[in-house]
Amino acid sequence: MSKNTQVLIDSLPQGKLSESNYKLVESPMPEASEGEVLVKTIAFAITAGTRAGLQGSASYAGAPQTGIVMNSLGVGEVIAGDNASFPVGMKVQARTGWQSYSVHKTSELTGIPEGIDPLHYLGPLGINGLTAYFGLLEVGQPKTGETVMVSAAAGSVGHMVGQIAKLKECNVVGVCGTDVKCEKLTSDLGFDAAVNYKEANFRQTLKESTPNGVDVYFDNTGGMILGSALFRMNTGGRIACCGVVSQYDTSSPEPG
């Protein structure tokens, strides 16, 4: 009989997350009861929200605790169950966690249509894409010609925020941590400018990249980058607070 390989939370991080916070185990294969299906994991997402959940700052992850499977959204294939809406062989999106197999009520599943790569449901069709879409359009409400600034712009949410903003005919400035990422944003993803926050002259470069100020700031980082963005905000500007990745790996958060 197959075993279920699982990654458990062995201890909660105090500061920087490390491999020692996890434990790899093999458990018996779970079985689906009536009204449930057994899902074999194809892939799961490792995101900033996953890390935030270990601090209790991602509300959808529940209170952090040890001895349980690491929480995560995943995609998989139904391999057992008797529900006509989710037949064996169907690809689904579910909170699989970091494990090979998981059991779910059908109300917890999202079916993936045939012909669509399931991995898209961990990206543009998953929580990252929804966060980018609604965070920018409903909170930020960008208008044609406005300047949109995005932090962690090469990340799973940020790069989609920038592309959606370009579709809204905005001037888009991304902030990230390497020159390679900056080049990717401007060359491949259509950003108008990208700034490396690790450069000594970051604030001056940001000022030069936003000569008309910032109308919408999509914040994924908090900290120093948020502080810098505040000095560039125009009157009537909007800030979408999505994440604070600068704070997740420290026990002494920086201001911002």
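Each value in this text was obtained by applying a stated rule to the coordinates, not by laboratory testing. These numbers come from a predicted model, not from an experiment. Neighbour counts run over all protein chains shown; Cβ positions are idealised from the backbone, glycine included.
What the table below lists for this structure:
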item	result
Order of MET90, MET149, MET29 - criterion: other Cβ atoms within 10 Å of each residue's Cβ, fewest first	MET29, MET90, MET149
Pairs of lysines in the chain (C-alpha under 12 Å apart; 8 or more residues apart or interchain)	4
Taking N as its residue count, the alpha carbon Rg of region 146-255 over 2.2 N^0.38 Å	0.97
Hull-based mean projected area of region 3-122, where the convex hull spans the alpha carbons, in square nanometres	7.5 nm²
Shape call, region 53-134: gyration tensor on alpha carbons, a/c limit 1.5	oblate
Ranking of LYS91, LYS207 by count of other Cβ atoms within 10 Å, fewest first	LYS207, LYS91
Contour excess over end-to-end distance, with Cα ends at LYS143 and VAL7 and 0.36 nm allotted per residue	44.5 nm
Cα-based radius of gyration of the chain once divided by 2.2 N^0.38 Å, which approximates compact folds	1.13
